[in-house]
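Below is one structure, written out as structure tokens; the observations come after it.
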Amino acid sequence: MRNMIRSYFKTAWRNIIKHKVQSAINILSLSLGITCYLLISLWLSDEQGKDNFHEQQSKLYTTYITSTAALLTISIQVIQAASAKPVTSLREE
């Protein structure tokens, strides 16, 4: 078993040395892909972890304001943090 794994690594190393440009492209692409995956995972973890420590989390709201100066368009969207659904009324029920 040990010799078989050693043989696989030897063969891989020989192919890397033999095809340097293709190997460099493959290794750089793999490292770039893994880096992007890790950064996106960290960003999503940070975004989903906001406001989870509050005792009354169901009463938290997030307000998004979008404005366009040239067209004079302003839109305001209020989203309840716990359910991530747009809110139509801010009155307590």
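No lab work stands behind these numbers, since they all come straight from the coordinates. Not measured: the values here are computed from a predicted model.
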Give, in whole angstrom and from largest to smallest, the semi-axes √(5λ) of the equivalent ellipsoid of the stretch 2-48, with λ running over the eigenvalues of the Cα gyration tensor. 33, 15, 4
Subtracting the Cα-Cα distance of S31 and T66 from 0.36 nm times their residue separation yields 8.9 nm
